[in-house]
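For reference, the structure discussed in these notes is given below.
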Amino acid sequence: MPVNSLDDPFSEKSDLSHGAGCSCKSCHSADVEMVQNLPHTEEEMVNRFVETSVVKSIFGGNDVKRRQFIRTVGAGVFRAALLSVVPLGALQSCINDTKKKVESGGSSKLGASKLEKIKLNIGFVPITCATPIIMSKPMGFYEKYGLDVDVIKTAGWAVARDKSLNKEYDASHMLTPMPLAMTMGAGSSSVPYVMPAVENINGQAICLHNKHKDKRDPKMWKGFKFGVPFEYSMHNFLLRYYVAEHGLDPDKDIQIRVVPPPEMVANLRAGNLDGYLSPDPFNQRAVYENVGFLHMLTKDIWEGHPCCAFACSQEFVTNNPNTYSALFSAIIDATHFSSQQENRAQIAEAIAPKNYLNQPASVIAQVLTGKYADGLGNVLNEPNRIGFDPFPWHSMGVWILTQMKRWGYVKEDIDYKKIAEQVYLAAECGAKMKEMGYDAPSTTYKKHTIMGKEFDPNFPEEYVNSFDIRVK
């Protein structure tokens, strides 16, 4: 069978009609320039063979009907529908495992790793920051590692925290400050949590009501009511940082209210909020509904800042080491896939349906691709509007802790590095990334620049005290 017959079965542009006797130029001439999405490794070829065989059987081998159907419903919708009834990932893992056992005389690393728990519940709040966690379900990343995962839509962060603490969720999509706060007992009971991977970097914006298009200077925002999704969130800390750098005290000069992300646009439309620093797609949704405009992307406050993460309790890791390792691999794999711009349109279709983000795919695609309307009459191209990088820098954890101290969320003395290193599993993430063939940083600390001011993680207390506007 020519390898060309293993082109992407979910693409309307691929041609799966090549057979053993195919005489076309692309199968027999090295001079033909190929633009197909073909597998490269043996494992990728096995996985593609399984996918192609299943898809071909659905359409009775009629490749014209397959392409017409995908053109009508979209590749993401087709893939998601198929994975809801056919366990492709499990089939691929089984065949690859069997192949490895045969080649190694009956043993394999995968086969030796018995999962303590296969059926898992993972919570997510319906925002684009959770892309790797969400898309791993319809796109088969959990199944690839032998897991049967239910991703459960969650109304907001307090619910995600409480369901995690009550063990209703085995793991959860969380905001990067949350596992730090939960471990310290800030805002909840103290339970040791770990954050092995960041989900996204950047990916947020300050959105203002259309009536404020003449108030682009933050000094004009006194008395404004702003929404953030949770107190222990990068959104809260970045908004506070931004307005304070413009001379406003966030506890005195503006009001900051906790509003679940899905309720942001409605509150903006009703006039309950003047603006919000929110996860997407709700900034872009405000533009889509002609309610608000994008004042600033958060990447312009801090390029590469962390936002959301994958987290679980230390107890889950201890009691289920093999399951945890498989889940960790799935998340790293999906995050790397999400980081590739060429995959973003496909991902947007996969996570748009009602049981996931319940948003127009066009709105999600504007966020993920960075080609978007800003509500001010401009169409912009910012490819790094949102990024996906799993590495949980310890220095980012230290910065978050400085802001918790700066604004009075933690009043006692903090051993910044000890807590960051306990919760953010940077070394473990780096090792997992290298194990999977991805590049990883060689250190876990670095300096960061936020609005032109350098943050050195070696001097956190001095950094807190360097700000005139803070809780004293």
Taking Y463 as the residue in question, decide whether it is of a type outside the set (V, I, T), within 22 Å of the chain's Cα centre (by Cα) and either closer than 11 Å to V398 by Cβ or not assigned by TED's automatic domain parsing to the domain that holds D253 (or both).
no
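Taking helices (runs of 4 or more DSSP H) that do not extend beyond region 232-322, which have at least 1 residues that are at pLDDT 95 or above and aromatic (F, W, Y)?
Working: elements: 234-245, 264-269, 282-288, 314-319.
Qualifying helices (runs of 4 or more DSSP H): 234-245, 282-288, 314-319.
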Which condition breaks for S108 when tested against (1) at pLDDT below 70; (2) open to solvent by 40 Å² or more (accessible area, probe 1.4 Å)?
(2)
Only one of A345, A330, A352 is surrounded by fewer than 22 Cβ atoms within 10 Å (Cβ to Cβ) and among the aliphatic types (A, V, I, L, M). Can you tell me which?
A345
Consider I122 carefully, then state whether it is touching an Asp or Glu at 6+ places or on another chain (Cβ under 7 Å), part of a helix (DSSP H, G or I) and open to solvent by less than 10 Å² (accessible area, probe 1.4 Å).
no
Mind checking which residues of region 149-187 are within 16 Å of N121 (Cα to Cα) and among the small types (G, A, S)?
A155, A160, S164, A171, S172
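List the helices (runs of 4 or more DSSP H) inside region 24-92, counting only whole elements, that have at least 3 residues being open to solvent by 30 Å² or more (accessible area, probe 1.4 Å), modelled with pLDDT under 75 and not polar (S, T, N, Q). Steps first, please.
Numbers: elements: 25-28, 42-58, 63-73, 75-83.
Correct list: 25-28, 42-58.
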Restricting to region 162-198, count the residues that are in a loop (DSSP other than H, G, I, E, B), open to solvent by 10 Å² or more (accessible area, probe 1.4 Å) and either closer than 23 Å to K119 by Cα or touching a helix residue (DSSP H, G or I) at 6+ places or on another chain (Cβ under 8 Å) (or both).
12
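How many residues are under 25 Å from C429 (Cβ atoms) and without any contact (Cβ under 8 Å) to a residue 60 or more places away in the chain when one looks only at region 376-398?
At the first step, the residues of region 376-398 found to be under 25 Å from C429 (Cβ atoms) are 383-398.
Checking which are without any contact (Cβ under 8 Å) to a residue 60 or more places away in the chain leaves us with 383.
Residues flagged as under 25 Å from C429 (Cβ atoms) and without any contact (Cβ under 8 Å) to a residue 60 or more places away in the chain within region 376-398 amount to 1.
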Out of the residues in region 245-263 that are more than 29 Å from the chain's Cα centre (by Cα) and over 29 Å from T154 (Cα atoms), state the one that is surrounded by the fewest Cβ atoms within 10 Å (Cβ to Cβ).
K252
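The values are calculated or read from the model by the stated rules, or taken from the named source; none is laboratory data. As the structure is a computational prediction, the values presented were derived from the model and not from experiment. No Cβ is skipped: glycine too gets one built from the backbone with ideal geometry, and neighbour counts run over all protein chains shown. Side chains are part of the model used for accessible areas, which takes the heavy atoms of the whole protein and leaves out ligands, DNA and RNA. Shrake-Rupley method; radii C 1.70, N 1.55, O 1.52, S 1.80 Å.
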